[in-house]
Each structure stands twice: as structure tokens, then as C-alpha cells.
Amino acid sequence: MSRVINFYAGPGALPLPVMRRVQAELLDFRGLGMSVMELSHRSDAALGLIAETLGRLRRLLELDDSFELLLLQGGASLQFAMVPLNFSPPGGKVDYVDTGYWTGKAVAEARGLGRDVALAASSAPEQRRLPTQLQVRPDACYLHLCSNNTVEGTQWPVIPRVEVPLVVDMSSDILSRRIDCHTVSCLYAHAQKTLGPAGVTVVALRREVLKRIPEGLPTMLDYRPHIAHQSNYNTPPLFAIYVVCCVLDWLENDMGGLAAMEALNRRKAALLYAAIDASSLFHCPVESGSRSLMNVVFRLPEPRLEGQFIAAAAAHGLIGLAGHRSIGGCRASLYNPVTLEAVEELVAFMRRFERHLAA
Ligand SMILES: Cc1ncc(COP(=O)(O)O)c(C=O)c1O
């Protein structure tokens with residue numbers, strides 16, 4: 001078996017020890033003589049698995065019991081709709097920080113649902129740095145922002161504090177660094193970047209914002225039935241939840257917890273940014289205070305060279321280095337499972353590529 005080094009932006013790499021564990025447990029989940037995929041979602045084993053996953057998440061996110069924690073389906077994109085539906089009335093004021101592609105989708109969804117959307121700040125058009133000032137309407141139902149902008153390669157070093165309830169899309173950096181979640185009223189993140197496979201979405205909700213939820217929402221779009229049924233209102237994606245549970249176990253026990261994971265992620269990103277900054281071929285368009293630890297976006301002087309670099313890297317087993325199709329360029333995603341050795345290999349390859357071009 002030969003495995004490539006995976007720098008895809010999402011779904012991204014999974015830890016090898018987790019994949020081996022999943023493989024070993026595939027046919028016989030916890031001695032039950034069947035796969036987790038065959039398990040009834042009403043069985044004690046399923047209830048135990050969901051509770052264990054939520055417990056691990058609560059511990060790692062350091063959430064106290066002022067928060068409800070959910071495992072939902074529909075990806076982060078469904079949260080673009082559930083957030084306005086649950087936390088604002090039709091026509092209600094909702095504020096967004098526009099920091100690129102995915103926040104644009106969130107804004108469009110809220111507008112499509114008839115909300116009065118205002119931008120509290122924007123990093124358009126250049127997306128080189130995150131805004132420093134936010135203009136939040138005091139009567140806005142909430143402010144929405146994205147902690148890490150997967151496409152543009154920007155990340156809030158610190159999540160801003162605001163006077164209105166704060167909603168944060170953490171899809172591409174949840175559990176990659178420590179964050180004080182208690183300044184947030186709602187956070188959500190799909191699993192397929194730092195937590196596991198696609199199919200499950202984590203949502204944390206401060207209990208006090210639940211009072212705002214209007215009656216009459218379709219059941220699946222209302223957070224409350226999911227809370228009342230412990231994330232088991234309808235058939236949950238148990239296999240995806242199981243893999244998330246294994247990834248969280250790996251994070252807590254093999255990697256030494258979130259502080260150690262964050263330290264490693266900082267080393268990985270620092271290594272790659274330093275190599276880019278020292279190069280005369282590659283450059284990073286994002287200013288240093290806004291650079292993402294997870295998605296390192298970089299460019300070469302022309303698209304032709306970028307194509308050449310991406311193809312040559314792929315031929316060397318370094319996969320997934322093309323930038324998002326909306327902006328082009330290059331991007332290396334350094335999610336938790338991407339090892340320091342993988343980043344060292346990438347940096348060594350970039351140096352060889354540059355030397356070869358100069359020769
Ligand atoms: C920050 C962010 N939010 C939302 C999404 C949309 O996620 P999904 O495909 O789970 O709907 C993505 C997808 O990559 C993302 O990076």
C-alpha cells in the first residue's frame with residue numbers, strides 16, 4: 001500500500017492510526033458481532049456512542065453546561081439557513097462579517113430567507129487581512145463570522161467579542177487551537193476537515209439563545225427537537241459519528257490534547273510560511289496577522305507555473321495543492337492529521353522546484 005500526502009482542503013486527511021482502528025473494528029463494533037453501520041440507532045451501543053462523542057467534544061471545547069451540544073446532518077451549509085431561521089424573525093436584522101467565499105454563501109442564505117442583512121465589516125475585494133473594526137447594529141439578532149476562511153487562507157487570531165449574540169462558523173478550524181467558546185452563542189462546524197468524515201455537523205448552542213427560536217419551523221430545521229432527542233431525533237449517521245469519536249480519542253490521548261495539538265499546528269504553519277517568505281518564487285498574499293494556521297494560500301508569479309508546480313507535486317505524492325476553484329493559486333491545508341513530517345516534505349519539495357526552475 002502506498003499512501004499519498006494529502007493537503008486537500010476538505011474532506012481532508014484523517015489520522016492513519018484512526019483509519020487503522022476503523023479498519024480493525026469495521027466488522028465487529030465493540031464485541032457486538034456487527035459493524036457500527038449495521039447498528040440500530042435506538043440501541044444502547046448507539047446511544048452510548050453518541051454520548052461518548054458529545055462528551056469528548058464538550059471536554060475538548062471546554063464547554064460548560066450553559067451550552068447544548070448537537071450532532072446534526074446537512075453540513076455547514078444547512079447551518080447557513082438554520083441560524084437565521086432559529087435566531088431571527090422574517091425581516092429581522094442580522095449582521096455578518098464578510099470575509100470571503102463561505103461567508104458570502106451564509107449572507108446569501110440569510111438574505112434569501114428575507115432577513116435584513118447588514119455587513120459589519122468586509123475584507124473584500126483583496127482578502128489580504130481580516131477587518132479590525134466591526135460595526136454591529138445594537139439591535140441585530142446576532143453577528144455571524146467565520147473563524148477560519150478556508151478559501152482565502154485567513155483566520156481570526158482571536159475571536160472578537162461583541163454585544164449581540166455571536167455565531168461562528170468553525171468548519172475549518174474547530175479543535176485545531178484553543179478558543180474561549182464562552183464568548184460565542186452558537187458555533188457550528190462540519191466534520192470533514194479537523195474532526196472526521198463528511199456527514200455530521202457539530203453545533204454548540206448557548207441555552208439562553210434557545211428562547212429566541214420561533215414556533216412553526218419545520219421539525220428538522222428547529223434545533224429544539226434535536227436537543228430533546230439527544231441528537232437522535234431521526235436516524236443519525238452513526239458511522240461518521242463513530243469516526244469522529246475515534247478522531248477525538250486520538251486527539252485527547254495520542255496527541256496529548258488540544259494545547260499540544262495547537263502547538264504542533266503552529267509549528268507546521270510557521271515552517272511553511274517561513275519557507276514561502278524566504279522564497280523568491282512563492283509568495284503568500286495574506287498579511288501576517290491574518291494568516292491561517294490551517295489553510296496556507298500561496299501563489300507563484302503566473303498561473304502556468306502554478307499548474308506546473310501542482311502537477312509536479314502530485315507526481316511526488318503531494319496531493320491537493322491547488323487553490324479553490326474560485327480564486328486559483330495554490331493552497332496547502334494543514335489540518336490536525338497532517339503531520340510535521342508531511343509539511344517538511346512539502347517545504348523540501350518547494351525548494352527543489354524553485355532550484356530546478358532557476359537552473
Ligand atoms: C468555512 C466553511 N464553511 C462552510 C462550508 C460548507 O460546508 P458543507 O460542504 O459541509 O456544507 C465550508 C466548506 O468547505 C467551509 O470551508
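Any read-out appearing in this document is the output of simple, stated calculations on the displayed coordinates, not a laboratory observation. Worth saying up front: this structure is predicted, and the values here are computed from it rather than measured. Note: ideal-geometry Cβ built from the backbone for every residue, glycine included; neighbour counts use all protein chains shown.
Quick check: net charge around GLU262, other residues with Cβ under 9 Å of its Cβ, Lys/Arg +1 and Asp/Glu -1?
+3
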Percentage relative contact order, region 17-254, counting C-alpha pairs under 8 Å, at least six apart: 25
What net charge do the residues around MET294 carry, taking every other residue with its C-beta under 14 Å from that of MET294, with Lys and Arg at +1 and Asp and Glu at -1? +3
Does the chain classify as rounded, prolate or oblate by the C-alpha gyration tensor (a ≥ b ≥ c root eigenvalues; a/c under 1.5 gives rounded; else a/b over b/c gives prolate, otherwise oblate)? oblate
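Which of the peptides 343-355, 141-153 is most tightly packed, and how do the rest follow, going by the mean number of other Cβ atoms within 10 Å of each residue?
Numbers: 343-355: 17.0, 141-153: 26.5.
Packing proxy ranking, top to bottom: 141-153, 343-355.
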On alpha carbon coordinates alone, what is the Rg over Rh value for region 1-60, Rh being the Kirkwood radius? 1.05
Taking a ≥ b ≥ c as the square roots of the Cα gyration tensor eigenvalues, with a/c under 1.5 meaning rounded and otherwise prolate when a/b beats b/c, else oblate, which class fits region 306-359? oblate
Quick check on the exposure proxy: order HIS316, HIS229 from fewest to most C-beta atoms within 10 angstrom. HIS229, HIS316
Once the dipole of the chain is set up with Lys and Arg at +1 and Asp and Glu at -1 on Cβ about the Cα centre, which of LEU32, ALA108, HIS316 lies farthest towards its positive end? HIS316
Give, rounded to the nearest 20 debye, the magnitude of the charge dipole that region 1-159 has about its Cα centre when Lys and Arg contribute +1 at Cβ and Asp and Glu contribute -1 at Cβ. 340
Sorted by mean Cβ packing within 10 Å, highest first, what order do the peptides 57-69, 318-330 take? 318-330, 57-69
Part-to-part distance (alpha-carbon centres) for region 194-268 and region 127-160, which is given in Å: 22
By Cβ neighbour count within 10 Å, fewest first, LYS93, LYS211, LYS268, LYS105 rank LYS211, LYS105, LYS93, LYS268
Evaluate the charge dipole of region 165-207 about its Cα centre and quote only its size in Debye, nearest 20, assuming +1 on the Cβ of each Lys and Arg and -1 on the Cβ of each Asp and Glu. 120
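If packing is taken as the average number of other Cβ atoms within 10 Å across a peptide's residues, how do 212-222, 282-292, 301-311 rank, most packed first?
Ranked by mean Cβ neighbours within 10 Å, highest first: 282-292, 301-311, 212-222.
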According to the square roots a ≥ b ≥ c of the eigenvalues of the Cα gyration tensor, what is the shape class of region 257-358, taking rounded for a/c under 1.5, prolate for a/b larger than b/c otherwise, and oblate for the remainder? prolate
Along the charge dipole of the chain, pointing to its positive end and built from +1/-1 on Cβ of Lys, Arg, Asp and Glu, which listed residue (LEU78, LEU187, ILE276) has its Cα farthest out? ILE276
Output wanted: per-residue J couplings in Hz (rounded whole) for region 124-139, from phi through Karplus 6.51 cos²θ - 1.76 cosθ + 1.60, θ = phi - 60°, x for Gly and Pro. 6, x, 7, 6, 8, 8, 7, x, 9, 10, 10, 10, 9, 5, x, 9
Please get the size of the charge dipole for the chain, origin at its Cα centre, with Cβ charges of +1 on Lys and Arg and -1 on Asp and Glu, quoted in debye to the nearest 20. 500
How much mean residue ellipticity at 222 nm does the chain get from its helices, if each DSSP H run of length 4 or more adds -39500 (n - 2.57) and you divide by all residues, to the nearest 500 deg cm²/dmol? -11000 deg cm²/dmol
Dipole of region 212-303 (Lys/Arg Cβ +1, Asp/Glu Cβ -1, origin at the Cα centre): which of CYS246, LEU221, ALA260 lies farthest to the positive side? ALA260
Which entries of LYS193/LYS268; LYS105/LYS268; LYS105/LYS193 have Cα-Cα distances beyond 23 Å here? LYS105/LYS268
Note, TYR8: beta-carbon cut-off 11 Å, +1 each Lys/Arg, -1 each Asp/Glu, net +2
